[in-house]
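These notes are about the structure you will find just below.
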Amino acid sequence: MDTLSAELSSFLVCLGMRPGAVPREAAHYTEHLLHLLDPADEEDIAAYYGLFGTPQEALADLAARRSLAPEAMMERIDKSLRRLAVTPEWQVIRQCAAGRNGGNHQQQ
């Protein structure tokens, strides 16, 4: 996974596990960011990270639901992350979130 995608993934982990640690504005923008994906990919990202009230699902469960091998499902998630990570919208969210906690979204 490239650096931009890894940074987005780290942010989404934080948002899913500790939503209060992410500025409300950044969380709101993230909901809109996910709308840039097709609905199935948006649903997969929300379920994988447990975002916005969606229960977190294991990779194997997501893969089974899509009739994919877990490796193929992870590749699909990685591709979705990359599509989002290169957008100007993600750059705005990064700046918004960095203002709150110095940009550190690593799980503690």
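Structural remarks
- Tilt relative to the chain, helix 3-17 - C-alpha long axis, 0 to 90 degrees, to 10: 90
- The long axis of helix 88-101 is offset from the longest Cα principal axis of the chain by roughly 60 degrees.
- Cα→Cβ-extended label distance, 7 Å offset, between VAL92 and ALA6, nm: 2.8
- The residues of the chain have, on average, 55 Å² of accessible surface per residue, using a 1.4 Å probe with all protein chains present.
- Span from the the range 15-29 Cα centroid across to the the range 47-84 one, whole angstrom: 20
- Options [x] 7.6; [y] 10.1; [z] 6.2 - which one matches mean projected area of the Cα convex hull in nm² as calculated here: [z]
- Taking each residue as 0.36 nm, the span from SER67 to HIS35 lengthens on full extension beyond its C-alpha to C-alpha distance by 9.2 nm.
- Rounded to the nearest 10 degrees, the angle from helix 24-34 to the longest Cα principal axis of the chain is 30 degrees.
- For ALA60 and GLU25, a Förster radius of 25 Å and the Cβ-Cβ distance give a FRET efficiency of 0.15, rounded to the nearest 0.05.
- Here the accessible area is traced with a 1.4 Å probe on the protein chains. For the chain, carbon and sulfur cover 53 percent of it.
The values are calculated or read from the model by the stated rules, or taken from the named source; none is laboratory data. Bear in mind that the values here come from a model prediction, so they are computed numbers and not experimental data. Because the Cβ atoms are built from the backbone with ideal geometry, glycine has one as well, and the counts that use them run over all protein chains shown. Only protein heavy atoms, including side chains, enter the accessible area calculation; ligands, DNA and RNA are left aside. Shrake-Rupley method; radii C 1.70, N 1.55, O 1.52, S 1.80 Å.
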